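Enquirer: Can you keep this structure in mind? I'll have questions shortly.
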Amino acid sequence: MILELDCGNSFIKWRVLDFDGVTPIEGGVAGTDSVLLASLSDTDKFQLKKCRLVSVRTPQETDSLVALLIDVFGVSVSRAVPVRELAGVKNGYNDYERLGLDRWLALLGGFHLASGACLVLDFGTAVTADFVAADGEHLGGFICPGMPLMRNQLRTHTRRIRYDDTAAERAHESLAPGRATVEAVERGCMLMLRGFVLTQLELAKEYWGKDFVVFLTGGDANLVSGVVPDAKVVPDLVFVGLAMACPLS
Ligand SMILES: Nc1ncnc2c1ncn2[C@@H]1O[C@H](COP(=O)(O)OP(=O)(O)O)[C@@H](O)[C@H]1O
Ligand SMILES: CC(C)(COP(=O)(O)O)[C@@H](O)C(=O)NCCC(=O)O
Ligand SMILES: [K+]
């Protein structure tokens, strides 16, 4: 069985593929290395042989997780690395090594699934947009703060914005102008996110008319799926690209 890991800034997304190497049998989200190990060790049903992994964490953090995986499960680990070109897609960064590897894999996966031009929007700690033209040229993208960063900046850099997560969830029942701090902040940030999405859509239309596919991925993709009804919500898009970047024979 193959263990797949996507180590983002906030969470490690994991899933296990069956002996056929393609069918996911279980997956989850872990806040820390030890929570990940606990989820994987908890059960006898995984017979892990190999692992493929992508990380946007520091090399030290990633090295330490890889060492743990080798030590605890005896797996061989294949790590996604930056490349200029893969599977017909050309990395658009001036310095290709600087493009976040999670973005690279998501856009590889998107181009593969779309077989044509695509806009990939990822809603994690940060929100990212990436544009890939029909000929596989990555035109570049945008990065802005995601929902958790926006809300936490307001909570930590003001003196009177304080509320808990339960209240935050309740505030999302509507997008009417807020009549309480929690509503004003949560809905304000939500509208910024939606505005960002609509701007990206406009740009994609300028480039490609109607001829492109929009992909939404990342833990907060559901927050904006309503504004792009035609978009494909693919929570495991990074894993699609990861399998392409790290084929395991
Ligand atoms: N099961 C889950 N556990 C934790 N966060 C989740 C979960 N499902 C959705 N989320 C949302 O996903 C966001 C993090 O997205 P994610 O794509 O994991 O970020 P990153 O890749 O930066 O670590 C959080 O802000 C949270 O709102
Ligand atoms: C933009 C990101 C912070 C997104 O990370 P995430 O929100 O998925 O944790 C990550 O892709 C990254 O560190 N990129 C390097 C900078 C760049 O892509 O230009
Ligand atoms: K991510």
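Enquirer: The range 70-117: D in µm²/s via Stokes-Einstein (Kirkwood Rh, Cα pairs, 4 °C, 1.567 mPa s)?
Expert: 106 µm²/s
Enquirer: Taking only DSSP H segments of four or more residues, each worth -39500 (n - 2.57), what value at 222 nm results for the chain once the sum is divided by all its residues, to the nearest 500 deg cm²/dmol?
Expert: -12000 deg cm²/dmol
Enquirer: Name the shape class, rounded, prolate or oblate, that the alpha-carbon gyration tensor gives for the chain, where a ≥ b ≥ c are the square roots of its eigenvalues, rounded holds for a/c under 1.5, and otherwise prolate holds if a/b is larger than b/c and oblate otherwise.
Expert: Verdict is oblate for the chain.
Enquirer: If the chain between Leu198 and Lys210 were fully stretched, how many nm would it gain, using 0.36 nm times the residue separation less the Cα-Cα distance?
Expert: Between Leu198 and Lys210, full extension yields 2.9 nm more.
Enquirer: Please sort by residue number the GluC sites (Glu not before Pro) in the range 149-239 whose DSSP state is loop and whose Cβ has at most 14 other Cβ atoms within 10 Å.
Expert: Qualifying residues, ordered by number: Glu173.
Enquirer: Checking the cross-link filter: which aspartates and glutamates have an alpha carbon closer than 13 Å to that of Lys45, excluding same-chain neighbours under 8 positions apart?
Expert: Straight-distance partners of Lys45: Asp18, Glu26.
Enquirer: Under a crude label model (7 Å from the Cα following the beta-carbon direction), how far is Val72 from Asn222 in nanometres?
Expert: Going by the 7 Å Cα→Cβ label model, 2.6 nm.
Enquirer: What do you get for Rg/Rh over the range 1-132 if you use C-alpha atoms and the Kirkwood form of Rh?
Expert: Ratio of gyration radius to Kirkwood radius: 0.97.
Enquirer: What are the trypsin sites (Lys or Arg not before Pro) within the range 112-216 that DSSP puts in a loop, where the Cβ has at most 13 other Cβ atoms within 10 Å?
Expert: Loop-located and lightly packed - Arg159, Arg160, Arg162, Arg179, Lys210.
Enquirer: How large is ³J(HN,Hα), in whole Hz, for each residue of the range 123-130 in order, when computed from phi with the Karplus curve 6.51 cos²θ - 1.76 cosθ + 1.60 and θ = phi - 60°, using x for Gly and Pro?
Expert: Result, rounded to whole Hz: 10, x, 3, 9, 9, 10, 10, 9.
Enquirer: Can I ask one more? If r is the Cβ-Cβ distance from Ile25 to Leu113 and R0 is 22 Å, what FRET efficiency results, to the nearest 0.05?
Expert: Between Ile25 and Leu113 the formula returns 0.55.
Enquirer: Can you give me the convex hull volume of the Cα atoms of the range 150-233, divided per residue and expressed in Å³?
Expert: Taking the convex hull of the Cα positions in the range 150-233, it is 108 Å³ per residue.
Enquirer: Let me ask you something else. When the chain is fully extended, how far beyond the present Cα-Cα distance does Thr32 get from Glu97, taking 0.36 nm per residue of separation?
Expert: 20.8 nm
Enquirer: Please report the antiparallel percentage of DSSP beta bridges with both residues in the chain, rounded to the nearest 5.
Expert: 60 percent
Enquirer: Could you size up the charge dipole of the range 18-171 around its Cα centre, putting +1 on the beta carbon of Lys and Arg and -1 on that of Asp and Glu, and report it in debye to the nearest 20?
Expert: Value, rounded to 20: 580 debye.
Enquirer: Pop out the ³J(HN,Hα) list for the range 203-212 in order, Karplus 6.51 cos²θ - 1.76 cosθ + 1.60 with θ = phi - 60°, rounded to Hz; leave Gly and Pro as x.
Expert: Values per residue, Gly and Pro as x: 5, 4, 5, 4, 6, 10, x, 9, 8, 7 Hz.
Enquirer: Here's another thing I want to ask about it. What lysines could a cross-link reach from Lys50, if we take a straight Cα to Cα line under 29 Å and drop same-chain neighbours fewer than 8 places away?
Expert: Straight-distance partners of Lys50: Lys13, Lys90.
Enquirer: Choose one of Thr156, Ile143, Ser174: the residue whose Cα lies farthest towards the positive end of the charge dipole of the range 141-180 (beta-carbon charges +1 Lys, Arg; -1 Asp, Glu; about the Cα centre).
Expert: Thr156
Enquirer: Can you list residues whose amide H is under 5 Å from Gly92's amide H, if they're 5+ apart or on another chain and H is modeled 1.01 Å from N?
Expert: Placed amide hydrogens put His138, Gly140 under 5 Å from Gly92.
Enquirer: Something else: Take every Cα-Cα distance within the range 56-187, group them into 10 Å bins from 0 onward, and report for each bin the whole-number percent of pairs it holds.
Expert: So the P(r) values, bin by bin, are 11, 28, 24, 26, 12, 1.
Enquirer: Would you mind getting me the FRET efficiency between Glu169 and Phe46? Use the beta-carbon distance for r and R0 = 41 Å, nearest 0.05.
Expert: 0.80
Enquirer: Name the trypsin sites (Lys or Arg not before Pro) in the range 24-88 that are in a loop by DSSP and that have at most 16 other C-beta atoms within 10 Å, would you?
Expert: Those that pass, being in a loop and sparsely packed, are Lys45, Lys49, Arg57, Arg84.
Enquirer: Just going by the charge dipole of the chain, with Lys and Arg at +1 and Asp and Glu at -1 on Cβ, which of Thr62, Leu201, Cys118 is farthest out on the positive end?
Expert: Working it through, the farthest residue towards the positive pole turns out to be Leu201.
Read-outs: derived from the displayed coordinates by stated rules, not from any lab. Source: prediction; values computed, not measured. Heads up, the Cβs are rebuilt from the backbone with ideal geometry, glycines too, and the neighbour counts pull from every protein chain shown.
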